[in-house]
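What follows is a single structure, written as structure tokens, with notes after it.
The values are calculated or read from the model by the stated rules, or taken from the named source; none is laboratory data. Note that the structure is a prediction, hence the values are computed from the model and not measured. Using ideal geometry, Cβ is built from the backbone for each residue, glycine included, and neighbour counts are taken over all protein chains shown. To get the accessible areas, we keep the full protein, side chains included, count just its heavy atoms, and leave off ligands, DNA and RNA. Shrake-Rupley method; radii C 1.70, N 1.55, O 1.52, S 1.80 Å.
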Amino acid sequence: MVGYRIGIDVGGTNTDAVILDEQDRVIAQVKTATTEDVATGIETALSRVLASARIDRRQIRHAMLGTTQCTNAIVERQRLSRIAVLRIGAPATLAVEPLAGIPEDLKQAMIHYVEIVRGGHEFDGREIAPLDTEAIRAFAQSVKNRVDAAAVTSVFAPVSPDHEERAAAICRDVLGADFPVSLSHRIGSIGLIERENATILNAALTGVARRTVQGFEAALAGQGVNALTFFGQNDGTLMGAEYAMQYPIRMIACGPTNSLRGASYLTGLENAVVVDVGGTTTDIGVIANGFPRESAVAVEIGGVRTNFRMPDLVSVGIGGGTVIHLKPGGGFSVGPESVGYRLTEKALVFGGDALTFTDVAVGLGKVAIGDSTRTASLDKELLMAIYRDIIARIEEAVDRVKVSGDAVPVVLTGGGSALFPDVLAGASQIIRPAHFNVANAIGAAIAQVSGEIERVYSLEKTARTAAVEDAKRRAVAVAVEAGASPETCHVVDIEDVPLAYLPGNATRIKVKAAGDLVG
């Protein structure tokens, strides 16, 4: 039977939707304005792309969504769940208490109770102290009916998750079997504070994720679509609905990675720089072996330093809606403000009163959008100076993501990329593939499901080959849990880094597995 897939990606300015057939051919695409409440924009894009496709909706098998809702919740400090924070690490970690480095306004928005109890492990799996189960039970009793979720972090949990899992069992015994408990060994890397912060953010986003999943499923049902739903992760892959509600932090930055995956698919390139131009920002990233290159350093999210996986991106505050300020005595400044999803209301060429990057490109004849006569009175030399300044910023950003001085292929995606020239410094060639303006939605629709594991192994107790095989098995299990078909799961990346600063011949092994969608 014929099977179709829907891919939807929500950006700051536009919400894009595509429908692909079983040969991954685009049979319908739409681009609509993102709405303030996001959900309305998703419903609009969905209804329009279905109307355009004119297919039997019963034959749609999968629906994928990449959304900014989790990112927005943290940045705006809104819609976050009330959470309790439990650290298992006394007496070893009392010098630095939980919430280190979290901005005060974010603490006020989500955190209600904090506790440190005895327990935790050394890097080689030995207990620092026995787990204080009575203290955990008392803590759970004290927060009952007062919080929406809990974040549990234990010292060296990626080495031995035993204490975290026992704590979660106690919490669910007291608070209910369905109570959301985020465990740090499933979210972050080795460092305690950054891993704890990522776990706290994950717990705070569980309510947002639940509403997002339920809203998307309701929108599909309202259009007569009964499909398996998947959600974009920030490594360019997908996760199932249940997994997304457990690990919503993985949705953060999924939009740019969808564009990277879409660019790789549309061009057939497995190694390139991708410049994704939206209405508000331009995100520049690297495709390495077909997947987005991961950041090697800790990443801040909403002012919080974390160490869970994030794409290696450079974001520049330039997009089609970027506002250009003309100075009374001559000269100009670019942004950082943007008219965003109100581009078709505010830009000069659409009858508005704001001079935007789109107006500059139209005025120079780079692109035909809107009413070009509304830019006729603008000084062409000034417009060219503005245009050159903007392109120079993008070229600088491209150089920042490159690992060498050699020219590399550059793929332009996003609706705003139509404003860019066909030549950029540092690029061996400029590629605008077919459907480049909805590459993000295509990236969501064609993505695989992935799982990742990172653990420290002591090679005094375990042979290196056995440690690698154990990490592979765990990564495949995580991918299957996220929604991958077991028969298609395979390892796509292995990283084995000896830890010379730890005794006992320790090594950090990181494995990523990926597979096709289940069903």
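What the table below lists for this structure:
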read-out	value
Subset of the range 88-104 that is touching a Gly at 6+ places or on another chain (Cβ under 9 Å) and open to solvent by 50 Å² or more (accessible area, probe 1.4 Å) - its residue that is nearest to E164 (Cα to Cα)	A92
All positions within the range 167-191 that are open to solvent by 10 Å² or more (accessible area, probe 1.4 Å) and outside any loop (DSSP other than H, G, I, E, B)	A169, I170, R172, D173, V174, L175, V181, L183, H185, R186
The range 156-167, subset under 26 Å from the mean Cα position of the chain (by Cα) and among the aliphatic types (A, V, I, L, M), residue modelled with the lowest pLDDT	V159
Residue satisfying condition, being open to solvent by less than 20 Å² (accessible area, probe 1.4 Å) and among the charged types (D, E, K, R), within set E164, E194, E217	E164
Selected residue [assigned to a strand (DSSP E or B), crowded, with 20+ Cβ neighbours inside 10 Å, within 28 Å of the chain's Cα centre (by Cα) and touching a residue at least 12 places away in the same chain (Cβ under 8 Å)] from G416, G451, G443	G451
Subset tally (residues that are surrounded by fewer than 21 Cβ atoms within 10 Å (Cβ to Cβ) and assigned to a strand (DSSP E or B)) for the range 33-60	1
Residues (farther than 24 Å from E300 by Cβ and either in a strand (DSSP E or B) or in contact (Cβ under 8 Å) with a residue 24 or more places away in the chain (or both)) located in the range 146-166	R146, V147, D148, V159, S160, P161, D162, H163, E164, R166
Residue among G285, G290 that alone is open to solvent by less than 10 Å² (accessible area, probe 1.4 Å), under 18 Å from A439 (Cβ atoms) and without any contact (Cβ under 8 Å) to a residue 40 or more places away in the chain	G290
R137, sole failed condition from (1) farther than 24 Å from I301 by Cα; (2) open to solvent by 60 Å² or more (accessible area, probe 1.4 Å); (3) at pLDDT below 90; (4) of a type outside the set (D, E)	(3)
Residue list for the range 294-309, filter: open to solvent by 60 Å² or more (accessible area, probe 1.4 Å), touching a residue at least 12 places away in the same chain (Cβ under 8 Å) and within 26 Å of G262 (Cβ to Cβ)	E294, A296
